[in-house]
C-alpha cells in the first residue's frame, strides 16, 4: 500500500516538471506586439473632461481651426453672364437708394446721379453676383489697404479679390471714399456738381472703367431714368427733364435708314444692326466716326 502511494506521488512530480519545459514555436512572433507597458507607447496624453491642462496637439488644432475660420470669409464665385433687368426693377432700385446717393452728395460733392448711375450699371440694379452675395454695388476690388472680408470673382482677370460688405450702405460709402481719396480723381471735383456728362467722361479718363463705352452707358442711364433730378434737389435748383428723342427706322426700297439720337455712336449702331463700322462708313460716305444728332444714315 505504501509502495503504491509512493509510486503515485512520483508520477505526479514527474508530470508537473514536464509542464514547465519551454514550448517549441513553429512560427515567428508578431513584431507588432510588445510586452512594454501600454503607458509607454502612448506619445500624447489623453485629455479627460475634468483635466485643466491641454495636451500637445490641441493648440495646433485650435490654430488650424482659427485659420480655417478666417479663410471662410473669402469665397470663390464662378463667372456669370450679363444680368438682365426690367424697367420696374431699375425704378425700384432707384427708389431704394436715392436717399443714400443724395446724402453722399451732400457729404462729398459727388453728384447723386453719378452715384446712382454707376450703382445701376455696376450691380445690374442690385441683381449682379457681387451685389447679391457681397453687397458690393460698385465692383470695388480689395486693393492693398483692404483688411475686411472679401470675395473672389472673375472679372478682368480670373478670381480677382473684391470687397465684401455687411450691407449695401458700406459699398456706397466706400465708393465715395474711393473717388475722394485718390489723386487721379481730383480733377472730377472741378466740374459742376450737376455736370454729370463731364463726370462720366472724367471717370473714364481717370481709369475708373476699362469699357471704352462706359461714359455713354452711364450718361444713357442717367438721362433715361432722369437721375439728374436728385442733383437738382440737393442743389436746390429747378430740374428740366431730358427729352430723349424716339429712335426711328425708315425703310425705303429695301434700304434701311436710321435717325441718329443722343448717345448713338458708330460702335453702338454696328452692334445694334449687326454691321461693321467700316461698312457703315462706306454706305454713308463717312470719313471719320463722327455722328450728328438727327443725322440719317443707312444701316442696311
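Filter segment 222-245 down to residues that are modelled with pLDDT under 90 and either closer than 14 Å to residue 264 by Cβ or surrounded by 20 or more Cβ atoms within 10 Å (Cβ to Cβ) (or both) and give me whichever is nearest to the chain's Cα centre (by Cα).
Of all residues in segment 222-245, those modelled with pLDDT under 90 come to 224, 240-245.
Among the residues that remain, those that are also either closer than 14 Å to residue 264 by Cβ or surrounded by 20 or more Cβ atoms within 10 Å (Cβ to Cβ) (or both) are: 224, 244-245.
Values: 224: 28, 244: 34, 245: 37 Å.
Applying the filter and picking the extreme gives 224.
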Next item on the list: Of the numbered conditions (1) closer than 24 Å to residue 211 by Cα; (2) without any contact (Cβ under 8 Å) to a residue 60 or more places away in the chain, residue 173 fails exactly one; give the number of that condition.
Entry: (2)
Next item on the list: Among the residues of segment 120-133, write down those that are within 12 Å of the chain's Cα centre (by Cα) and either surrounded by fewer than 23 Cβ atoms within 10 Å (Cβ to Cβ) or not assigned by TED's automatic domain parsing to the domain that holds residue 221 (or both).
Entry: 122, 128, 129, 132, 133
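Mind listing just one residue for me: the one in segment 156-186 that is part of a loop (DSSP other than H, G, I, E, B) and in contact with a strand residue (DSSP E or B) (Cβ under 8 Å, 6 or more places away or on another chain) and, of those, surrounded by the most Cβ atoms within 10 Å (Cβ to Cβ)? Break it down stepwise before answering.
Within segment 156-186, the subset part of a loop (DSSP other than H, G, I, E, B) is 156-159, 164-167, 182.
Keeping just the survivors that are in contact with a strand residue (DSSP E or B) (Cβ under 8 Å, 6 or more places away or on another chain) gives 159, 164.
Numbers: 159: 13, 164: 21.
My answer is 164.
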Margin query: Going residue by residue through segment 92-112, is there one that turns out to be closer than 21 Å to residue 214 by Cβ, in contact with a strand residue (DSSP E or B) (Cβ under 6 Å, 6 or more places away or on another chain) and buried (at least 16 other Cβ atoms within 10 Å of the Cβ)?
Written below: no
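Being part of a loop (DSSP other than H, G, I, E, B) and touching a residue at least 12 places away in the same chain (Cβ under 8 Å) is the filter here, so list the residues in segment 287-300 that pass it.
289, 291, 292, 293, 294, 295, 299, 300
The values are calculated or read from the model by the stated rules, or taken from the named source; none is laboratory data. The structure presented is a predicted model; accordingly, all values stated were derived computationally and were not measured. Ideal geometry is used to build each Cβ from the backbone, glycine not excepted, and the neighbour counts take in all protein chains shown.
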